[in-house]
């Protein structure tokens, strides 16, 4: 039996990404060894987005054109069930997955599989550049938040959104990020009572819900130049640098677990990332 060693990260928001990855590896018969004990999670504020999604305690997000959160259940492609007939079935001890982001059963497994693939590509690119003699940092996790009133003018059609996404990509390039993936999130998890995020909420009995808060996540290679944390970029976006990641799998899985996707008229989906 092979052994996979997982390294726990300090960022509590990505904690459940590690837990889920461990569960998936154990399902495949892989012996899992943890490099150290996971962080203690003692209060409701510390539950990650993924944990909240797995518990399904969130209200449905505000409707906005054809935008959805992954796992919403594509009624056009799933015979109004939210998942496909083979999803979750067991074959020789292996759980079957459709590998689709719209599936209410398989979206986390899909995010897990895609995160592994993307992470391997990013690390391979980094090693390739290092072997060429370049000094290159570990992948960055960057969050860009546009002015909501401005970006919402571009969210009514997929074509308009692609135009705005090009602006975001150029912003990242001008900041010093030259390659990576980007993912769009239309909603954030907010407490219904106090209006604060789950990290800032101090309610004894919080009531979490998805609320409109358009922002982009980027896991990329490069260096941030001339922009400070929480500062406006020249294109009018607020940037948060969440730091470098030795292993980009964890933030990528975290991002893809609740990304926003556009459902086309024929039921097909836009990409959850580029």
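So, in segment 189-205, how many residues would count as being outside any loop (DSSP other than H, G, I, E, B) and more than 23 Å from residue 254 (Cα to Cα)? Here the count works out to 0. Checking each residue in segment 136-156 for being under 16 Å from residue 260 (Cα atoms) and either in contact (Cβ under 8 Å) with a residue 40 or more places away in the chain or in contact with a strand residue (DSSP E or B) (Cβ under 8 Å, 6 or more places away or on another chain) (or both) picks out 143, 144, 145, 146, 148, 151, 152, 155, 156. Close contacts from segment 115-126, counting a first residue that is on the phi < 0 side of the Ramachandran plot and touching a residue at least 24 places away in the same chain (Cβ under 8 Å) and a second that is surrounded by 20 or more Cβ atoms within 10 Å (Cβ to Cβ) and in a helix (DSSP H, G or I), with Cβ to Cβ under 7 Å and a gap of 6+ residues or different chains, come to 115/249; 115/252; 115/253; 115/256; 116/249; 118/252; 119/249; 119/252. Once segment 101-136 is narrowed to residues that are in a loop (DSSP other than H, G, I, E, B) and surrounded by fewer than 16 Cβ atoms within 10 Å (Cβ to Cβ), the residue that is modelled with the lowest pLDDT is 135.
Considering only segment 169-182, I want to know if a residue exists there that is in contact with a strand residue (DSSP E or B) (Cβ under 7 Å, 6 or more places away or on another chain), closer than 20 Å to residue 99 by Cβ and buried (at least 21 other Cβ atoms within 10 Å of the Cβ). Looking for residues that are in contact with a strand residue (DSSP E or B) (Cβ under 7 Å, 6 or more places away or on another chain), closer than 20 Å to residue 99 by Cβ and buried (at least 21 other Cβ atoms within 10 Å of the Cβ), one finds at least one in segment 169-182, hence yes. How many of the residues in segment 192-202 are out of contact with any helix residue (DSSP H, G or I) (no Cβ under 7 Å at 6 or more places or on another chain) and modelled with pLDDT under 85? Total satisfying the criteria: 7.
The values are calculated or read from the model by the stated rules, or taken from the named source; none is laboratory data. These figures come from a predicted structure and were not determined experimentally. Cβ coordinates were reconstructed from backbone atoms using ideal geometry, including for glycine residues, and neighbour counts include every protein chain displayed.
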